[in-house]
Amino acid sequence: MAANDMNTIVSLAKRRGFIFQSSEIYGGLNSCWDYGPYGVLLKKNVKDAWWKDNVLSRKDMVGLDSSILMSPKIWEASGHVGNFSDPMIDCKQCKLRFRADHVETEKCPECGGELTEPRQFNLMFKTFMGPVEEAGSVAYLRPETAQGIFVNFKNVCTTSRKKLPFGIAQIGKSFRNEITPGNFTFRTREFEQMEIEYFCKPDEAEKLYEYWKNERFDWYKRLGIKPENLRLRDHDKDELAHYALGCADVEYKFPFGFSELEGIANRTDYDLKKHIEHSGKDLSYMDPQDNSKFVPFVIEPSAGADRATLAFLIDAYNEEPDKDGTRVVLNFNYRLAPVKAAIFPLMKKPPLKEFAEKLFEDAVKHFPVEYDEVGSIGKRYRRQDEIGTPFCITVDFDSIEDNSVTIRNRDTMEQERISVDAVIEYINSKLV
Ligand code: GAP
């Protein structure tokens, strides 16, 4: 049985150390979350898979890590100072605040009170750089990583010698003062993005836009999301930003309904042209083939690392009836599983303990492994199933005689006997 309500996931995430409420001992900080020991591994695996598949495995991509604080002029040029806002309404009675486009009734959805007229609310977090808090020292926490890429376009072009089409990718924190954060880690005020700006000749943009839509949609499937829980939704004309020629969302069927995981947009030459206009710098591209000079178009696949992690967690969740009641198992794709293997000595006594510890020392050099000698083997399996560990290895008395161990698969629960010398190779071959 899959997880069809968010509470099941929130409670597993807390119980098994995936995700905790931020500042919990002080009563919690609304919309902020901390990744615990397994959560940090899971999210890192999601980001590493994205980086490997979109950057390291491709000849046409390079990476970047730009700063979170950037010149405020960037946000004026990009339109974020002027336009990055949501319409906000307040309830005059209970004082709750809502996004106007999320409220379908004339009255407050909480108490039925009278609502104010919508007002525009800028979503950027403002701060001050340096010792004096004055207008001249205003800085913003970036609301997207994308602009760090655009303003470095020339630097990357001249230093990487990449020819169009090529992309620049970046993973990093972004901040938005969302009016109505919620649904666990789905909409938060601090989150991580995984963004690509793929630069191309204007006449190639349409074809590459279609390519990236399909490529990004397939990536989630390749990493194990069930196809029936994913859809690719093209934006209607009236949803499109004025500069975009096309935009589509990869949506996941969260327990609260299909919602955006990632957006893919054909942003034309809008961003680079805005930065040319505001900075006075030449950000055009010189084509070495015909010496033509132009401002490239850009295709932007923009994903959220927290949303993707949440979707992978929800999709992996399964409850199966078994002889002891219910087996809770996270059927993660092996690449994403936080811990790849667990090693159990049948008894915590010599010589089994030493044999298992030696295997642990060898294996941990290759992938994250746990060592567990507490409780029955059945209980130890259940603990690992609940965090999605693909392989459990039991060391028993035969191991001492014939140097073999039992390796049990999380999904099939089948067990095989293999030589202890083959364990690392066996697991490594399944993690690619
Ligand atoms: N540069 C384009 C851009 O930032 P976006 O649709 O605003 O586009 C891209 O954001 C992705 O970032 C979203 O699809 C989502 O996965 C993630 N994201 C945006 N706002 C978020 C929030 N408040 N909490 C968590 N993730 C968020």
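The values are calculated or read from the model by the stated rules, or taken from the named source; none is laboratory data. These numbers come from a predicted model, not from an experiment. Using ideal geometry, Cβ is built from the backbone for each residue, glycine included, and neighbour counts are taken over all protein chains shown. Surface accessibility is based on the protein's heavy atoms, side chains included, excluding ligands, DNA and RNA. Shrake-Rupley method; radii C 1.70, N 1.55, O 1.52, S 1.80 Å.
Step by step: find N for segment 92-142, compute 2.2 N^0.38 Å, then divide the Cα radius of gyration by it. What's the final number?
Working: Rg = 16.6 Å, N = 51, 2.2 N^0.38 = 9.8 Å.
In units of the 2.2 N^0.38 Å rule of thumb, it is 1.69.
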Each residue of segment 311-324 in turn: what ³J(HN,Hα) in whole Hz from Karplus with 6.51, -1.76, 1.60 and θ = phi - 60°, glycine and Pro shown as x? 5, 5, 5, 5, 5, 7, 6, 9, 10, 10, x, 9, 5, 9
Projected convex hull area of segment 54-151, Cα atoms, direction-averaged, in nm², equals 9.9
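If Rh is defined by the Kirkwood formula over all Cα pairs and Rg also comes from Cα, what ratio Rg/Rh do you get for segment 148-281? Intermediate results must be reported in sequence, preceding the final value.
On the way: Rg = 16.5 Å, Rh = 16.8 Å.
My calculation puts Rg/Rh at 0.98.
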Taking every pair of alpha-carbon atoms in segment 131-214, give the share separated by more than 19 Å as a whole percent. 58
Rounded tilt (10° steps) of 377-387 against the dominant C-alpha axis of the chain: 10
Going by amide H atoms built from the backbone, whose H comes under 5 Å of the H on Thr268, apart from near neighbours? Leu245, Val298
Those residues of segment 81-112 whose amide nitrogen sits under 20 Å from the label point placed on Ala135, 7 Å along Cα→Cβ: 81-84
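Given charges of +1 on the Cβ of Lys and Arg and -1 on the Cβ of Asp and Glu, with all other atoms neutral, how large is the dipole of the chain about its Cα centre, in debye to the nearest 20? Walk me through the intermediate numbers first.
On the way: 60 positive and 70 negative charges, 126 e Å.
In debye, rounded to 20, the chain gives about 600.
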Whole-Hz couplings from phi, Karplus 6.51/-1.76/1.60, listed for segment 89-105; x for Gly and Pro: 10, 10, 8, 5, 8, 9, 6, 6, 10, 9, 7, 4, 6, 9, 10, 9, 9
Unpartnered cysteines - no second Cys beta carbon under 4.7 Å - across the chain: Cys32, Cys157, Cys200, Cys247, Cys392
Ranking by accessible area, most exposed first, for His102, His235, His242, His80 with a 1.4 Å probe: His242, His102, His235, His80
Computed over the Cα atoms of the chain, the Rg and Dmax in Å are 25.2, 79
Spatial extent of segment 15-105: Rg and Dmax, with the Cα atoms as the point set, Å: 19.8, 58
At 7 Å along the Cα-to-beta-carbon direction for both Phe367 and Asp236, put a label point, then send me their distance in nm to one decimal. 4.6
With only alpha-carbon atoms in the gyration tensor, what are the semi-axes of the equivalent ellipsoid for segment 248-335, in Å, largest first? 47, 14, 10
So who's got an amide H within less than 5 Å of the one on Gly63, skipping anything under 5 residues away but keeping other chains? H placed 1.01 Å off N, in plane. Ala169
At q = 0.17 1/Å the base-10 log of I(q)/I(0) from the Debye formula over the alpha-carbon atoms of segment 32-83 is -0.84
Set Lys and Arg Cβ to +1 and Asp and Glu Cβ to -1, take the dipole of segment 162-268 about its Cα centre, and tell me which of Leu245, Gln170, Tyr211 lies farthest positive. Gln170
Gain upon complete extension [Lys226, Tyr26; 0.36 nm per residue less C-alpha separation]: 68.2 nm
Solvent-accessible heavy-atom area per residue, rounded to whole Å², over the chain at 1.4 Å: 48
For segment 266-276, just list the computed ³J(HN,Hα) in residue order, Karplus coefficients 6.51, -1.76 and 1.60, θ = phi - 60°, integers in Hz, with x standing in for Gly and Pro. 9, 8, 6, 9, 4, 5, 4, 5, 4, 6, 5
Using unit Cβ charges (K, R positive; D, E negative) and no other charged atoms, how large, in debye to the nearest 20, is the dipole of segment 57-149 about its Cα centre? 240
Looking only at lysines whose Cα falls under 22 Å of Lys47's and that sit 8 or more positions away or on another chain, we get Lys14, Lys59, Lys173, Lys213, Lys221, Lys226, Lys253, Lys340, Lys365, Lys430
Percent RCO, i.e. relative contact order, over the chain, from Cα pairs under 8 Å lying at least 6 residues apart: 14
Go through Leu115, Ser22, Val40 and say which Cα lies farthest out towards the positive end of the charge dipole of segment 1-120; charges sit on Cβ, +1 for Lys and Arg, -1 for Asp and Glu. Val40
Excluding same-chain residues fewer than 8 positions from Lys323, which lysines have a Cα within less than 17 Å of its Cα? Lys379
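Hey, with R₀ at 30 Å, roughly what FRET efficiency would Lys163 and Tyr243 work out to, going by the Cβ-Cβ distance, to 0.05? Kindly include the intermediate steps, with their values, before the conclusion.
Working: r = 25 Å, r/R0 = 0.83.
Once the sixth-power term is evaluated, E becomes 0.75.
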What number, in percent, do you get for the relative contact order of segment 268-346 if the mean sequence gap of Cα pairs under 8 Å and at least 6 apart is divided by its residue count? 18
Which semi-axis lengths, in whole Å and largest first, follow from the square roots of five times the eigenvalues of the Cα gyration tensor of segment 274-377? 54, 22, 11
Using a simple charge model, +1 on the beta-carbon of Lys and Arg, -1 on the beta-carbon of Asp and Glu, nothing else, what dipole does segment 278-420 show about its Cα centre, in debye to the nearest 20? 300
Helix 37-51 vs. the chain, principal-axis angle (Cα, 0 to 90°, nearest 10): 60
Taking N as the number of residues in segment 291-345, the ratio of its alpha carbon radius of gyration to 2.2 N^0.38 Å works out to 2.06
